[in-house]
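Here's the structure, in structure tokens; my notes come after.
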Amino acid sequence: MQNNYWFDPSEYRARLARVQSALKALGLDGMVAFLPETVTWLTGYFTRAYGTFQFAIIPANGEPTLFARDVEEYYLDSTCVFRDRVLWCDSDDRLAVAVGAITSRLGRAAAIGVEKSAWVLNAARWEAIAAALPGIRIEDVSDLVSEMRKIKSEAEIAYQRIASRAAEAGMRAGIETARVGASEREMAAEICAAMIRAGSDLPGPGVLSSGERAFHLHGGYSDRVLEHGDIVQLEVTPNSHHYHARFMRPMKVAEARDEDFSTVEKLIRIQDAALAEVRPGVPATVPDAVYREGVMSAGLREHYTNKTFYSVGLLLHPNGGEPLEAHPAADWVFQENMVFHTYVLARGFGMSETIRIVADGYERLTRFDRQLFVTSH
């Protein structure tokens, strides 16, 4: 069987070595990784059915074991760089099989870490597993691998570059399709097709809303038909090998007022000023404050409560972003090869970019024209 590894096996083994070193430093004999992104990042194993009951057992020494449903064996063989696995079938007591896998690999008196905050690990499932492991000391290591994933390798960023080009194709299709009489659904179809053709592995325009809903973030497309003078809020969110890039551009249908152009010009100036502060070692609160103070002093919003940066990389639905976020209480600093979506919103208009942190500042991975787009009739 031909393998379908996303990265060279050496990259996965280097990641494993980092995780095992951290486990030893914590005095742990291993960990059980439930978060789908952790499993994929660390072992290579990927299936579209990652929401089923599966996990990776990571010993402090030696190679990982994958626990998965038997119908996923093909994907284990073709994507996972490690060979050991325990499979369950639909007629099994899968919790009993899971406990057996953990104890056979880590022992019945081990100290182990568990990603307790993983969304696939519901309360009932975890309580049953924990009750069946009375001799094992359990610690929460939900942040252990997530912290490591904040810094991207060149190979990871290469996928985000592909996603960026797909995002640009999607935005271009959205602008060309947004005309009086077209529906949001028609726009979405053209955007998705353009992004897939340009390299995106999944469709989905992300935020797409018009009229009244354009003033409220996270609107999805509907059957609504665009009208003359509508604002269209569009955020394109493609990915390559589930590595994401995304951006927003402000849009008006057929006609824009001087006030609209002025608002967007202010947003661009504010974003430029915020990004001018971004470089390794700078606290996240510095450009975050530039965003907030700029928007508020310009009278564009009465309140500014949302985050201004959030980290993006390997994201598997329903995750829409990595845990690292910029807000007034953030306590982290920018580091080289972090990748962020950074955005500013006001009066229905959004301006955003996906950026990579480099030695002397940042690099825009998304490179679409920054302006208010007024679409044709």
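Derivation of every value follows stated rules applied to the coordinates shown; laboratory data play no part. The structure presented is a predicted model; accordingly, all values stated were derived computationally and were not measured. Here the Cβ is made from the backbone with ideal geometry for all residues, glycine too, and neighbour counts use every protein chain on show.
Given the chain reduced to its alpha-carbon atoms as identical point scatterers, what log10 I(q)/I(0) does the Debye formula return at q = 0.09, 0.10 Å⁻¹?
Log10 of I(q)/I(0), two decimals: -0.58, -0.71.
Two decimals is fine: what is log10 I(q)/I(0) at q = 0.10, 0.11, 0.16 Å⁻¹ for the stretch 154-375, from a Debye sum with one equal scatterer on every Cα and no solvent?
-0.41, -0.50, -1.08
For the pair Val374/Arg179, report the inter-label distance in nm, with labels modelled 7 Å from Cα in the Cβ direction.
Output for this residue pair reads 1.8 nm.
Exposure proxy check: Asp223, Asp140 ranked by fewest other beta carbons within 10 Å? Display every interim value, and only then the final one.
Details: Asp223 8, Asp140 11.
If I rank by nearby Cβ atoms, fewest first, I get Asp223, Asp140.
Ranking Lys24, Lys116, Lys252 by Cβ neighbours within 10 Å, fewest first, what do you get? Please report the intermediate quantities before stating the final value.
Numbers: Lys24 12, Lys116 15, Lys252 23.
Least crowded to most crowded, the residues run Lys24, Lys116, Lys252.
Just rank Thr43, Thr263, fewest to most, by other beta-carbon atoms within 10 angstrom.
Working: Thr43 23, Thr263 20.
Lowest count first: Thr263, Thr43.
Per DSSP H run of at least 4 residues, take -39500 (n - 2.57); add these up for the chain, divide by its residues and hand me the 222 nm value, nearest 500 deg cm²/dmol.
Numbers: 10 runs with 128 residues, N = 377.
Dividing the helical sum by the residues of the chain leaves -10500 deg cm²/dmol.
Extension gain Glu363-Asp331, at 0.36 nm per residue separation less the Cα-Cα distance, in nm?
Working: separation 32, 0.36 × 32 = 11.52 nm, distance 2.27 nm.
Stretched fully, the Glu363-Asp331 segment lengthens by 9.2 nm.
Work out from phi, with θ = phi - 60° and the Karplus expression 6.51 cos²θ - 1.76 cosθ + 1.60, the ³J(HN,Hα) of each residue of the stretch 254-270, listed in order in whole Hz, and give x for Gly and Pro.
6, 8, 9, 8, 4, 4, 5, 4, 5, 4, 5, 4, 5, 4, 5, 5, 5
Per residue of the stretch 280-287, what does 6.51 cos²θ - 1.76 cosθ + 1.60 with θ = phi - 60° give for ³J(HN,Hα)? Whole Hz please, x for Gly and Pro, Karplus curve as stated.
x, x, 7, x, 4, 5, 5, x
Counting only DSSP beta bridges with both residues in the chain, what percent are antiparallel, rounded to the nearest 5?
Numbers: 38 of 52 bridges.
Of the beta bridges lying entirely in the chain, close to 75 percent run antiparallel.
Please list, in chain and number order, the residues 5+ apart from Ser183 or on another chain whose amide H is under 5 Å from its amide H, with Hs placed from the backbone.
HN-HN under 5 Å from Ser183: Leu226.
Among the lysines, which fall within straight-line cross-link reach of Lys252, defined as a Cα-Cα distance under 17 Å, with same-chain neighbours fewer than 8 residues apart omitted?
Lys266
Taking the Cα centre of the stretch 197-280 as the origin and placing charges on Cβ (Lys, Arg +1; Asp, Glu -1), which of Met248, Pro203, Gln271 is farthest toward the positive end of the dipole?
Comparing the listed Cα positions along the dipole, Pro203 ranks first.
For the stretch 59-161, which chymotrypsin sites (Phe, Trp or Tyr not before Pro) pass both filters: DSSP loop (anything but H, G, I, E, B) and at most 16 other C-beta atoms within 10 Å? Don't skip to the end; give the middle numbers.
Details: sites: Phe67, Tyr74, Tyr75, Phe82, Trp88, Trp119, Trp126, Tyr159; in loops: Phe82, Trp119.
Listed in order of number, the matching sites are Trp119.
Only Lys, Arg, Asp and Glu count, each charged at its Cβ (+1, +1, -1, -1), so figure out the dipole size of the chain about its Cα centre, rounded to 20 debye.
Numbers: 40 positive and 50 negative charges, 69 e Å.
Here the chain has a charge dipole of around 320 debye.
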